[in-house]
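Here's the structure, in C-alpha cells; my notes come after.
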Amino acid sequence: MKEDTYGNSNVNTEPYYDQPFKQIMSDGVLASNILGEFVEELRGRDPEYILSCLDLTKEGKIRMRNSESSSAANGPIYRDVVYDIRIPGDKEVKVIVNLEAQLDPNPGYPLEARAMYYLGRAISDQKAEIGHDYSKLSKVYSIWLVMDPQKETINTIVRHKMVGSYDAGFESPVGIRPCDYAEVVMVHLGKLGDKKKTAVGLLNTLFSKNISKEERIRRCEEEYKIVLDPSLFNEVDDLMVNLDEDFKRYMTRLGREEGKKEGIEEEATRQRAIFVDILSDSIIRMMQQEALSFDASFDKIGYPEEYRQEVKAAVEAKAV
C-alpha cells in the first residue's frame, strides 16, 4: 500500500499506476537522454557516456534498487523508481536517483516536503551498506515529474539542495565542507512542442495526451534523434489511461468532501474542467485509433453519464 497522487493512504497502485511508469523510466536509452539535465554530476555529458554509467540488463533496462523502504518506527514507503548511477574517475562517484510521477501539484501538503521525506529515507537506507563510514554516503536525487502543474509553473525545473554558509558575524576563512547529499528536483511538464531539444521537451513529447503512438515514435526519432523500444510506447499509452482514471478518482473524492473546505465548489469546478479536457483527449485518441464514434468511445471508457455532453462539446471544439 502507498499514498496515491493526492495523498490518500492505503491505496494499492500496483500495477494500476506505478508499473507503466517504472517500465518507461527504467529504459536505459530514455534515461541517458534526460539525466544530464537533472543530475548535476552528469551535466554536459553526452547520452552515450551517461548510458555507460548505468547498470543495464541485456534488454537495456536499468537494474533497480528495492523501491520499498521499510521502517519499524514509521512503516514502509513505496517509491516509483530507484537506481544507482556510477560515474567513473580517479575516485568513482555514485549517486542514487529516485524518480516519481505526480499528477496533482497540490495534494493537500507541500509536495516538496514529501520529496524531502523520501530523501531522508533513502539516506538512512544506506546505513546497512556503509556501516559507520559516513564518507561512503551517496548523494540522493528525488526527481518528481509533475504531469499537470499549475499554468504559471509549466516547463520549469525547481531545485532544493543543501548549501552551506556561515552566519553573519561568525565567518571563518576556512572553506565550508560540502554536505550536498540530498537534492529535490521538481520538473513541471508542459505541452507538446514546448522546450524542444531539452529533456523537458522530450518528456513533453513522450507524455503528450493527444497524439498517437506512431506520432510519438516519429517525433522522438526526428526531433530528438533517439530510437526507443516500441514496447515503451505501449507503456506510455497505459500510463496516460491510468492518469485519466486518476482524475476520475480525484473527482470522486472531491464530491465526497464537498462543503468541508472553504472554496471547495470553486476548486471542484476547476478540477471538473481539467477532467473534461483530459477525458476529451482520451476520447479523441480512441476515436482515431479504433475508428469509433464519440458515443461508442464514451460508452467503452465507462465514465459517468453526467459528463457526456460536456465531453462531447470539448471533443467537437478540438476538432474545429
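The values are calculated or read from the model by the stated rules, or taken from the named source; none is laboratory data. These figures come from a predicted structure and were not determined experimentally. We place every Cβ from the backbone using ideal geometry, glycine too, and count neighbours over all the protein chains shown. Surface areas here come from the heavy atoms of the whole protein model, side chains and all, with no ligands, DNA or RNA. Shrake-Rupley method; radii C 1.70, N 1.55, O 1.52, S 1.80 Å.
Look at where the Cα atoms of the range 215-238 and of the range 60-127 average out, and the two centres are 26 Å apart. One chain, two ends: Val241 and Met116. Fully extended at 0.36 nm per residue, the span grows by 42.1 nm beyond their Cα-Cα distance.
Working ranking of peptides 93-102, 225-234 by packing, defined as the average number of other Cβ atoms within 10 Å per residue, highest first, is 93-102, 225-234. In the complete set of protein chains, residue-level accessible area for Ser142 is approximately 0 Å², probe 1.4 angstrom. Which distance in Å, rounded to a whole number, links the C-alpha centroids of the range 279-317 and the range 175-201? The distance from the Cα centre of the range 279-317 to that of the range 175-201 comes to 35 Å. Each peptide among 179-191, 49-61, 150-162, 29-41 gets the average number of other Cβ atoms lying within 10 Å of its residues, and from highest to lowest they stand as 29-41, 179-191, 49-61, 150-162.
The length gained on full extension between Lys161 and Ser231, counted as 0.36 nm times the residue separation minus their Cα-Cα distance, comes to 21.6 nm. Note: relative contact order over the range 56-143, using C-alpha pairs below 8 Å and six or more positions apart, is 25 percent. Computed from the C-beta positions of Glu221 and Ala168, the FRET efficiency with R₀ = 56 Å rounds to 0.55.
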